[in-house]
Amino acid sequence: MKAIQVKQVGGPEAMELVDLPIPQPKANEAVVKLSTAGVNFIDVYNREGRYKTPLPFVLGQEGAGVVTAVGADAKSVKAGDHVAWTGQLGSYAEYAAIPADRLVPIPKGVSERDAAAAMLQGMTAHYLSHTTYPLKRGETALIHAAAGGVGLLLVQMAHNLGARVIGTVSTEEKAKLARAAGADDIILYTQSDFEAETKRLTGGKGVDVVYDSVGKTTFDKGLNILRPRGMMVLFGGSSGAVPPFDLIALSQKGSLYITRPTLAHYTATREELMGRSSAVFDMIAKGKLKLRIEHAYPLAEAQQAHRDLEGRKTTGKLLLIP
Ligand code: NDP
């Protein structure tokens, strides 16, 4: 089978198209023939070695397809089932062996392509807005990179929960998309100071929560725009990692809360994984969550997909088609 493998960590050129044997399922696994793999920023971190992974490895943490083989103990799925998953390496490939209890069935009304597009970013937007800081009607959220993959979904969910959404983006084109997704106010943070603008937009009160996936370039100012006892949800570092931080600043800036969550801990049990994926699929099937699939690249063009994602060129979701 064709797969994108990393033998040495590095830039996009570290991704090699190789031929590998089709995996055989271990007792607890099922083998899935992928129709679609999702591209996510975490793939960049794996490829660069920012998140350490034993070498060599097949990239990719999100996919959807049809079960072709099951191990002896894999009781939750059978051959022919349409399934999706996230959080397991190896989806930039024609086949992947995945622990059966991490596979979720794709319901009627949701395509495999949409399921692959929504597993990682959709469930992330869901846990951020419904669990980490459960937004209430009338609250205000600042969402950075609001036209990104997670961004566009988080804006929609926050809007649907009745929150006022202030989004930051780098271009006018991205501003339009974020507005269409439900953002009330947009700040072009490459052109104006988002701290000053947010203070102006909130009449000096600040926001209830900042959802920050950009990290290094936005974190410090984000703390300055929270209301007293507001929450900083730092969930990524697209501009680089946030350097070590002195906790006394939380007291000085208003007894703030801060968390650095990750999806794995919000889908750790089978029950939570099923509940969260069903909630997201339900939103898609009912038209309450619109997926913007920006581009579907052939598997062999994985390098280009990463260049586009890292180059801040993309909006919404990128897919690979094996
Ligand atoms: P995006 O589609 O959001 O792409 C990243 C965006 O970040 C860019 O489009 C860009 O938007 C913005 N950005 C700002 N500064 C930079 C920079 N210096 N270099 C590159 N991009 C920059 O990606 P994803 O939706 O896949 O992921 C978003 C973030 O969320 C990532 O950091 C990812 O690791 C994190 N994440 C965390 C999860 C968790 O559970 N903790 C789960 C899923 C994702 P603009 O041009 O508008 O500034």
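The values are calculated or read from the model by the stated rules, or taken from the named source; none is laboratory data. Keep in mind the model is a prediction, meaning the values are calculated, not measured. Cβ placement follows ideal geometry from the backbone for every residue including glycine, while neighbour counts extend to all protein chains displayed.
Given the residues Pro298, Pro322, which is the only one that is free of Cβ contacts under 8 Å to residues at least 24 places away in the same chain, more than 24 Å from Gly240 (Cα to Cα) and either more than 12 Å from the ligand (Cβ to nearest atom) or not assigned by TED's automatic domain parsing to the domain that holds Ala93 (or both)? Working first, answer last.
Working: Pro322 fails: free of Cβ contacts under 8 Å to residues at least 24 places away in the same chain.
The match here is Pro298.
Looking at Lys253 and the list (1) away from the ligand (no atom under 11 Å from the Cβ); (2) in the same structural domain as Ala115 (by TED's automatic domain parsing), which single condition is not satisfied?
Here Lys253 clears every test but (2).
Out of (1) within 15 Å of the ligand (Cβ to nearest atom); (2) surrounded by 24 or more Cβ atoms within 10 Å (Cβ to Cβ); (3) closer than 19 Å to Leu320 by Cβ, what's the single condition that is false for Gly87?
Every condition holds for Gly87 apart from (2).
Going through Ala96, Ala30 one at a time, which residue ends up being in a strand (DSSP E or B), in contact with a Pro (Cβ under 9 Å, 6 or more places away or on another chain), under 21 Å from Val6 (Cα atoms) and touching a residue at least 24 places away in the same chain (Cβ under 8 Å)? Working first, answer last.
On the way: Ala30 fails: under 21 Å from Val6 (Cα atoms).
Of Ala96, Ala30, the one residue that is in a strand (DSSP E or B), in contact with a Pro (Cβ under 9 Å, 6 or more places away or on another chain), under 21 Å from Val6 (Cα atoms) and touching a residue at least 24 places away in the same chain (Cβ under 8 Å) is Ala96.
Going through segment 128-179 one residue at a time, which ones are near the ligand (Cβ under 9 Å from one of its atoms), farther than 20 Å from Gly222 by Cα and within 17 Å of the chain's Cα centre (by Cα)?
Scanning segment 128-179 gives Gly149, Leu153.
Here's a check for you: in segment 180-208, which residue that is of a type outside the set (Gly, Ala, Ser) and within 13 Å of the ligand (Cβ to nearest atom) is farthest from the chain's Cα centre (by Cα)? Walk me through how you get there before you give the answer.
Residues of segment 180-208 of a type outside the set (Gly, Ala, Ser): 184-191, 193-195, 197-202, 205, 207-208.
Keeping just the survivors that are within 13 Å of the ligand (Cβ to nearest atom) gives 186-191, 194.
Working: Ile186: 21, Ile187: 22, Leu188: 22, Tyr189: 21, Thr190: 22, Gln191: 26, Phe194: 23 Å.
If we take residues in segment 180-208 being of a type outside the set (Gly, Ala, Ser) and within 13 Å of the ligand (Cβ to nearest atom), then Gln191 is farthest from the chain's Cα centre (by Cα).
In the list Arg312, Arg276, Arg307, which residue meets the criterion of being at negative phi and surrounded by fewer than 18 Cβ atoms within 10 Å (Cβ to Cβ)?
Going through Arg312, Arg276, Arg307 in turn, just one is at negative phi and surrounded by fewer than 18 Cβ atoms within 10 Å (Cβ to Cβ): Arg307.
Examine segment 114-133 for a residue that is assigned by TED's automatic domain parsing to the domain that holds Ala285 and modelled with pLDDT under 95, and state whether such a residue exists.
no
Do you know which of the residues in segment 1-27 that are assigned to a loop (DSSP other than H, G, I, E, B) and of a type in the set (D, E, K, R) is surrounded by the fewest Cβ atoms within 10 Å (Cβ to Cβ)? Break it down stepwise before answering.
Filtering segment 1-27 down to residues assigned to a loop (DSSP other than H, G, I, E, B) leaves 1, 7-11, 20-27.
Checking which are of a type in the set (D, E, K, R) leaves us with 7, 26.
On the way: Lys7: 12, Lys26: 15.
Across segment 1-27, the extreme among qualifying residues is Lys7.
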